[in-house]
Structures are given as C-alpha cells and as structure tokens.
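Chemist: Sharing a structure, written as structure tokens. Questions coming.
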Amino acid sequence: MTDSQTVLAASPSAIQNPAPSLLLRGLRKTFADVVAVDGLDLEVARGECFGLLGPNGAGKTTTIEICEGLTAFDAGTVELLGLDWRTGADELRQRIGIQLQETQFPDKLTVEETLRLFRSFYRRGIPVEESIRTAQLEEKRRSRVGTLSGGQKQRLAMACALVGDPELLFLDEPTTGLDPQARRHLWDLVDQLKQAGRTIILTTHYMEEAERLCDRVAIMDHGRVIAQGTTPQLVALVGAEHIVEFAVAGRDTEDAQIDAALLTAIPGIQSHRVDAGLHQLSVSELHTAVPRIFAALTAQGLHLSEFRTHSATLEDVFVSLTGRNLRDE
Amino acid sequence: MNRFERSSLYQLTAVRFLLLLREPEAIFWIFIFPILLAAGLGIAFRNRPADVLPVGATTIQLTQALDADKGLSAKTMDEAAGTHALATGNILLLAIQSPDAVTYKFDDTNPDARTARLLVDRDLQTAAGRHDAIQAGNQLVHETGSRYIDFVVPGLLGMNLMGSAMWGLGFAIVEARQKKLLKRMVASPMPRWQYLMSFLLSRLAMLVIEVAAFLGFARLTFGVPFRGSLWQLGFLCVLTSLSFSALGLLVASRARTMEAASGLMNLVMLPMWILSGVFFSASRFPAFIQPVVRALPLTAAIDALRGNMLQGMNLGQLAVPVGILLAWLVVPFAVSLRSFRWK
C-alpha cells in the first residue's frame, strides 16, 4: 500500500474466499514518458460491484485494460479468479466478459447475428435468446446495428459481454455519451446483473453512477488510488455531510474582501475553498451554521448572488482530496 | 443451430460473407464493373469489316475509276478543297490530274493513307490498261483468340482478382481496427488464426461467383476461348487471389486508419495497373525495367491466365509466373503475421 492511499475497509474476500475475483498488487504501467498507472493495489471480492472513479486521464482505462489482458504491464501482480494472464490467458478469456469503450460493431449486421458471432467464441455460455432478453433488445433483434440508438448499442455491447456467462464482468465507462434516460436504463441492467450475483468492475467519471451502482469505489487520480471504500465511508472523508456553495455580488473585484477566517471560525464549518468565484464550505451542522454564514457575510457588507446546499457526494470527496473537480478534466 | 453453425470459424466466415453482400458498392466493383468494362472494350475494339477509305480526286474520270473499287469511296473536288479535306482528315488521299501524269497527295506516316495509295494506284493503272502478271486469289480467316477482347479478358480478370482481394481483406481489417472491433474480438476467446482464416475462406467463396460470372459473360458474349485446362485455370485464380490477399493483409497489418490503408493500397496497386499488361502487352516497356515488370504479382498472374486461356499452356509451362505468385503469397503472409497489430 502506498502512503497516500486511504484504506477504509478491509476487503471481506480475505475471510470469505481465498481467491478474490481481482487482485492487483503494485501495478505499474508507463507509456513513453507518461506514467499511466503508478503502483496500484486493489482487491475485488466475488459478487462485488466495484467502481473505479476518476477524471479522464486518471488511468482507469489503462488499469481495466491490463486486467482484461489487452495491455501489458511493466511491474506488479495481476490475478483474476486466481489465474494469471501469463499462464491462464485462454481460460481467463473464456471466464470474463468485457465491454470496451467505443467499440463499434459492424453496422450492417443485425443484433442477433452479432450476438451469435460472439457466442460462438465461448465454449459455454447463455443462449443468444437469453442475452437479447437480458439486454431488452427483443424488438431490435433483426435490426441492423447501424440503426440502433446510442443506448441500444451500449446494451448490445453488454449483451456481447454476457453471452459467455462470465464470472467477472468488466464495464469501461458504460454510460459515457448516453442521455439521462438511456443511462438509467443501463443502470437498471447493471442492477439486474448484480442481483444475479455477478462480479462487476466498472470505470466511470460520473460520481452519481458510482454511488448508485457500486458496493465499493476506488477513487483514482494520476494513476494512483487516492481513496477506496463504500460511498458513506468515502463521504465521511470530507469531514462533514453537507456542502454549502455561494457567490457574492461583484465577486470579481471584491473577492479578496471575504475574510475566510471569519467563515471557518463558525462552529460546524470544516473547510473553505474558492473555485472560479464560487465559495464552497463543508458543513456538519447545516441548521445552525447557515444563519451564521449569512450574518458573517452581511457583517462584511457583501450581498449573496448565489446560495445552495447539498449533501456531500463522491464529487466532494474528490474535490477535498485533490482540490480539483472531477468533471473539469 | 447445429454443431457446425456454432463453430466460431463458420460464424466468422458467414459474417464476413454477409457483410460483403450487404455492401452495394462492393458488389458493383467486384461483379458489375469488370463485366461493364469488358463489354465496353469488346464493343470499342470489335473487329470491323475492312474499312472503306475516303479519297478525293480532281477530275470526274478519276473519281469514277476509283468509286468502282469497293474499298474506296471517292469524291470530286478541286485541289484547294482537296488539300483542306486532307488537312481535316475527311479524306486520306487526293489524286491530282496533271496534263500527262497523276500525283497522289497523302500522309505516308498514316497506314490507312498508305493503303489508300496502293488501292488508288492499282485502280488507276488498271483503268489505264495494265494487266496483272499472275492470277491471285484470297482466302479470308477471322480467328478467335487473336482479337483484342481475347487479350484483354485475362488482363481484366487478373486486375479484378487483385482489386477484390486487396480491398476485401485490407479495408475490412483496417476498418475493424479503427472501430475498435478488432480489439474487442481479441479480448474474447476467439482464436486469432480463425479471424484471418475467415477472410480467406469468404474470399474463396466469393471468388467462385466472381470468376464464374465474369468468364461466363466473356464466353457467352464474345466467345473468348478457354484453350487450357479449366481446373488449372481455377487453380491459377485461387493462387492469384491468395497472393493478393496476402498483400492486402500486409498493407492492413499496421495501418490504423482507413485513409492510411487507402493510400497504401493505391501505392501498391497503381504501378501494377500501369505496368502489368492489363490492357496492352507488358513487353512494350523498355528492356531495363522488364525485370521489375516481370517480378510484379499482377504481371505474373496475367501472364499465367493468358498462357492458360489463350495458348492452352499447362502448369508446367507456366512454372515461372506460378513461382512468382507463390513467392508473393508466402513472403507477405509471413511478414504480416509477424507484424500484425491486433489492437
């Protein structure tokens, strides 16, 4: 384990099962002069839905493609289902299911033909019919891939990942580029797969997706895991359950006049930061803190132009750990 | 589905075949275009009956003497008009009557004009009373196999085999790579050799239809001869197609984008379209580039196809072009397997 990493929960797998679904130790990968993965340790138990959350460029895709056997790594240990890519590649490919970012299936094949092709690669698996049903593509069975919507194409990619009845499923940014409705549809599908007891490892840069789907989340930044645990455990890292965001009138010129010390002196306020004129406070006792914030600002002769509060999310965890926003990058 | 239909090699091959059939442009270029081209060339270069040559003469007597010849059509015109008609190509020769002689005005670098000179002179000399020293008769032959269409059909066949193999293999692979489909397939348990094999199998299936349609058309419409053994012709077509498939694979083995593949493909094929004797004999190129021309796979393919179809040569007699094609099959295939970019 690296020093900067915050470990919140011992993985239950060590007790329940001697071979976790995924075990990474000291994983490193460098592309030319860019360190994509910088000493990664992860353990995912069987039946778990595990999320890799981080901004673009954090190393999520490199990590998952190393796990999928698509990218060679420089140093460390990678074990899936107790097997190693060097010695058990053929068996591993039979036992894992993969959905890659931006795979384009041939436009002129139908849904059914595409799935029949992928089914033929596996020694055992589920019938093509069943994969179509699971992905809710029954009505599109004979439609060509080129006519499908973005969400339907993504469900087809999921179905292709499922035809081999995998023990371990990798989903790389499964909802990137989808509209909100298609995204919820896909989330429901992942929920079903979780309930069926499959082990799922997914990457995402949407914190609400990680919160909604994952039992445990590892937050990645610059090729390292900076925190991992369940969502409540991670949110507790912020030190307060609520976030207050506000801006003051004429903030461009009067920014400097806000005395941050007056704000952080208010009981229940844990931290203060400013990002592009928007002030963020992490607050533990919202009901008593908010009136005092108003009072403090009025005392400084400032007028609020924006004011809102929300419960702390994984986004706020990322911000408090890195000082940057997830979606900025 | 039975066991066979569940096999990945069958599925990969069937998908490849389906995708090709669902691409209307591919169907046009592979099946329709060569037939249209053969039809066009066959019509343009058909063997016409001997031409009637237009000539001019300055007196009515001369014109009458010349018009009696079926090979000539003569008109009366004065010298100025006749010179203009010569210059504009309306007549090939002008016969000018002077008081005690006849002068022929014509371009001696034009073979038709030289023919006209011979005919006109014979007619005028005969009309003036000359007798032939010996009796001569004609026996006419129109041999199939020596026509331009007979020459060009094996050339077009070779060119078509090259195009369909290279585009069919190269483009599909690079497209799959660019769309990350290749990466997705490699992440599955699919055996990689089956992926490449499926291209060759679907190519061979397509080949049967493609060659049968084109040669059938050439046979029925133009009566193009097949003097060699048909199964050896089939073997030559398969060998040609596989050699160009290997070349297509080589072009596709590293290219990441369709644009790059397209450029490479043209770079490889363009010299062969020009040098390999599709439309005219490759032996017309100067001697110093002949070794290069002979080593090109399309030259070898077309030489072998012409040897089989037009001269009835067997594989033993065609050992040199067959050997060249085999070399073009083995070397690019081995190189591309070693350098193939699967992601």
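The values are calculated or read from the model by the stated rules, or taken from the named source; none is laboratory data. Remember, it's a predicted structure, so these values are computed and weren't measured experimentally. All Cβ positions, even for glycine, are placed from backbone atoms using ideal geometry, and neighbour counts span all protein chains on display.
Every residue, every condition in (1) under 30 Å from B:PHE279 (Cβ atoms); (2) among the β-branched types (Val, Ile, Thr); (3) at pLDDT below 90, yes or no:
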{"site": "B:LEU72", "(1), (2), (3)": "no, no, yes"}
{"site": "B:ALA81", "(1), (2), (3)": "no, no, no"}
{"site": "B:GLY89", "(1), (2), (3)": "yes, no, yes"}
{"site": "B:ASP107", "(1), (2), (3)": "yes, no, no"}
{"site": "B:ASN138", "(1), (2), (3)": "no, no, yes"}
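Chemist: If you scan the stretch A:117-138, which residues turn out to be in a helix (DSSP H, G or I), surrounded by fewer than 20 Cβ atoms within 10 Å (Cβ to Cβ) and free of Cβ contacts under 8 Å to residues at least 24 places away in the same chain?
Modeler: Listed by number, the residues that qualify are A:GLU129, A:GLU130, A:ARG133, A:GLU138.
Chemist: Which ones in the stretch B:287-321 are within 22 Å of B:LEU267 (Cα to Cα) and either outside the structural domain of B:LEU270 (by TED's automatic domain parsing) or of a type in the set (Lys, Arg) (or both)?
Modeler: Of everything in the stretch B:287-321, just one residue is within 22 Å of B:LEU267 (Cα to Cα) and either outside the structural domain of B:LEU270 (by TED's automatic domain parsing) or of a type in the set (Lys, Arg) (or both), namely B:ARG294.
Chemist: List, please: which pairs have Cβ atoms under 7 Å, are six or more places apart or on different chains, and start with a residue in the stretch B:176-194 that is closer than 19 Å to A:GLU167 by Cα and end with one that is part of a helix (DSSP H, G or I) and polar (S, T, N, Q)?
Modeler: B:PRO189/A:GLN94; B:MET190/B:SER8
Chemist: Of the residues that make up the stretch A:292-312, is at least one at pLDDT 85 or above, surrounded by fewer than 19 Cβ atoms within 10 Å (Cβ to Cβ), β-branched (Val, Ile, Thr) and touching a helix residue (DSSP H, G or I) at 6+ places or on another chain (Cβ under 9 Å)?
Modeler: Looking through the stretch A:292-312, at least one residue is at pLDDT 85 or above, surrounded by fewer than 19 Cβ atoms within 10 Å (Cβ to Cβ), β-branched (Val, Ile, Thr) and touching a helix residue (DSSP H, G or I) at 6+ places or on another chain (Cβ under 9 Å).
Chemist: Continuing with this model, one more query. Hey, which of the helices (runs of 4 or more DSSP H) in the stretch B:1-48, taking only ones fully inside, have at least 1 residues that are within 12 Å of chain A (Cβ to nearest Cβ)?
Modeler: Details: elements: B:3-6, B:8-21, B:24-27, B:33-44.
The qualifying helices (runs of 4 or more DSSP H) are B:3-6, B:8-21, B:24-27.
Chemist: Now for a separate question. Step by step: first the residues of the stretch A:78-100, then only those that are within 8 Å of chain B (Cβ to nearest Cβ) and farther than 21 Å from A:LYS60 by Cα, then the one that is modelled with the highest pLDDT. Which residue is that? Walk me through it before giving the result.
Modeler: So the first thing to find is which residues in the stretch A:78-100 are within 8 Å of chain B (Cβ to nearest Cβ), and the list is A:90, A:93-94, A:98, A:100.
Within this subset, residues satisfying the condition of being farther than 21 Å from A:LYS60 by Cα are A:90, A:94.
Numbers: A:ASP90: 92, A:GLN94: 95.
The selected residue is A:GLN94.
Chemist: Something else now. Tell me, which helices (runs of 4 or more DSSP H) wholly within the stretch B:267-343 include 3 or more residues that are free of Cβ contacts under 8 Å to residues at least 24 places away in the same chain?
Modeler: B:290-295, B:319-339
Chemist: Can you tell me which residue in the stretch B:4-13 is nearest to the chain's Cα centre (by Cα), limited to those that are in contact (Cβ under 8 Å) with a residue 12 or more places away in the chain and under 13 Å from A:ARG119 (Cβ atoms)? Can you show your working first?
Modeler: Taking the stretch B:4-13 and keeping what is in contact (Cβ under 8 Å) with a residue 12 or more places away in the chain, we get B:8-9, B:12-13.
Among the residues that remain, those that are also under 13 Å from A:ARG119 (Cβ atoms) are: B:8, B:12.
On the way: B:SER8: 39, B:LEU12: 33 Å.
Per the criteria, the residue is B:LEU12.
Chemist: Return the residue satisfying two criteria in turn: it lies in the stretch A:141-188 and is farther than 21 Å from A:LEU109 by Cβ and free of Cβ contacts under 8 Å to residues at least 24 places away in the same chain, and of such residues it is surrounded by the most Cβ atoms within 10 Å (Cβ to Cβ).
Modeler: Result: A:ARG184.
Chemist: Continuing with this model, one more query. I'd like to verify a number: residues in the stretch B:18-30 that are at pLDDT below 90 and either surrounded by fewer than 18 Cβ atoms within 10 Å (Cβ to Cβ) or over 20 Å from B:ALA172 (Cβ atoms) (or both), how many?
Modeler: 7
Chemist: Just one of (1) in contact with a helix residue (DSSP H, G or I) (Cβ under 7 Å, 6 or more places away or on another chain); (2) part of a strand (DSSP E or B) trips up B:LEU66, so point out which.
Modeler: (2)
Chemist: Let me ask something else. Which numbered condition in (1) within 10 Å of chain B (Cβ to nearest Cβ); (2) under 28 Å from A:ALA19 (Cα atoms) is the only one that A:SER120 fails?
Modeler: Failing condition for A:SER120: (2).
Chemist: In the stretch B:303-343, how many are among the small types (Gly, Ala, Ser) and within 14 Å of chain A (Cβ to nearest Cβ)?
Modeler: Narrowing the stretch B:303-343 to residues among the small types (Gly, Ala, Ser): B:304, B:307, B:312, B:316, B:319, B:323, B:327, B:334, B:336, B:339.
Add one more test, that the residue is within 14 Å of chain A (Cβ to nearest Cβ), and what stays is none.
Final tally of qualifying residues: 0.
Chemist: With the structure loaded, tell me whether B:THR13 is touching a Lys or Arg at 6+ places or on another chain (Cβ under 9 Å), crowded, with 16+ Cβ neighbours inside 10 Å and hydroxyl-bearing (Ser, Thr, Tyr) or whether it fails that test.
Modeler: No; evaluated as a whole, the condition is false for this residue.
Chemist: Out of B:GLY228, B:GLY216, report the one residue that is under 18 Å from the mean Cα position of the chain (by Cα) and either more than 14 Å from chain A (Cβ to nearest Cβ) or part of a helix (DSSP H, G or I) (or both).
Modeler: B:GLY216
Chemist: Do the conditions hold for B:VAL211, that is, is it touching a residue at least 24 places away in the same chain (Cβ under 8 Å) and within 14 Å of chain A (Cβ to nearest Cβ)? Show your work before the answer.
Modeler: Values: touching a residue at least 24 places away in the same chain (Cβ under 8 Å): yes; within 14 Å of chain A (Cβ to nearest Cβ): no.
Judged against the criteria, B:VAL211 is not a match.
Chemist: Here's a follow-up. Hey, among B:LEU53, B:LEU86, which residue is touching a Gly at 6+ places or on another chain (Cβ under 8 Å), more than 14 Å from every other protein chain (Cβ to nearest Cβ), in contact (Cβ under 8 Å) with a residue 40 or more places away in the chain and hydrophobic (A, V, I, L, M, F, W, C)? Lay out the reasoning, then the answer.
Modeler: Numbers: B:LEU86 fails: in contact (Cβ under 8 Å) with a residue 40 or more places away in the chain.
Exactly one of B:LEU53, B:LEU86 is touching a Gly at 6+ places or on another chain (Cβ under 8 Å), more than 14 Å from every other protein chain (Cβ to nearest Cβ), in contact (Cβ under 8 Å) with a residue 40 or more places away in the chain and hydrophobic (A, V, I, L, M, F, W, C), namely B:LEU53.
Chemist: Got a sec? Which of A:LYS60, A:LYS29 is away from chain B (no Cβ under 14 Å), basic (Lys, Arg) and farther than 17 Å from A:ALA218 by Cα?
Modeler: Among A:LYS60, A:LYS29, only A:LYS29 is away from chain B (no Cβ under 14 Å), basic (Lys, Arg) and farther than 17 Å from A:ALA218 by Cα.
Chemist: Still on this structure, please answer the following. Could you identify the single residue in A:THR63, A:THR103 that is at pLDDT below 90 and crowded, with 16+ Cβ neighbours inside 10 Å?
Modeler: Unique residue meeting the criteria: A:THR103.
Chemist: Going through the stretch B:71-118 one residue at a time, which ones are within 17 Å of B:GLN61 (Cβ to Cβ), assigned to a strand (DSSP E or B) and among the charged types (D, E, K, R)?
Modeler: Narrowing the stretch B:71-118 to residues within 17 Å of B:GLN61 (Cβ to Cβ): B:72-79, B:82, B:93-104.
Among the residues that remain, those that are also assigned to a strand (DSSP E or B) are: B:72-76, B:93-98, B:101-104.
Listed by number, the list holds a single entry, B:LYS75.
Chemist: Checking the structure you have, find out if any residue of the stretch B:152-175 is buried (at least 19 other Cβ atoms within 10 Å of the Cβ), part of a helix (DSSP H, G or I) and of a type in the set (D, E, K, R).
Modeler: Checked against the condition, which is being buried (at least 19 other Cβ atoms within 10 Å of the Cβ), part of a helix (DSSP H, G or I) and of a type in the set (D, E, K, R), the stretch B:152-175 yields no hits at all.
Chemist: While we're here: Just checking, which of B:SER243, B:SER198 is out of contact with any Pro (no Cβ under 7 Å at 6 or more places or on another chain), assigned to a helix (DSSP H, G or I) and either in the same structural domain as B:LEU325 (by TED's automatic domain parsing) or touching a residue at least 60 places away in the same chain (Cβ under 8 Å) (or both)? Outline the logic, then answer.
Modeler: Details: B:SER243 fails: out of contact with any Pro (no Cβ under 7 Å at 6 or more places or on another chain).
That would be B:SER198, the only listed residue that is out of contact with any Pro (no Cβ under 7 Å at 6 or more places or on another chain), assigned to a helix (DSSP H, G or I) and either in the same structural domain as B:LEU325 (by TED's automatic domain parsing) or touching a residue at least 60 places away in the same chain (Cβ under 8 Å) (or both).
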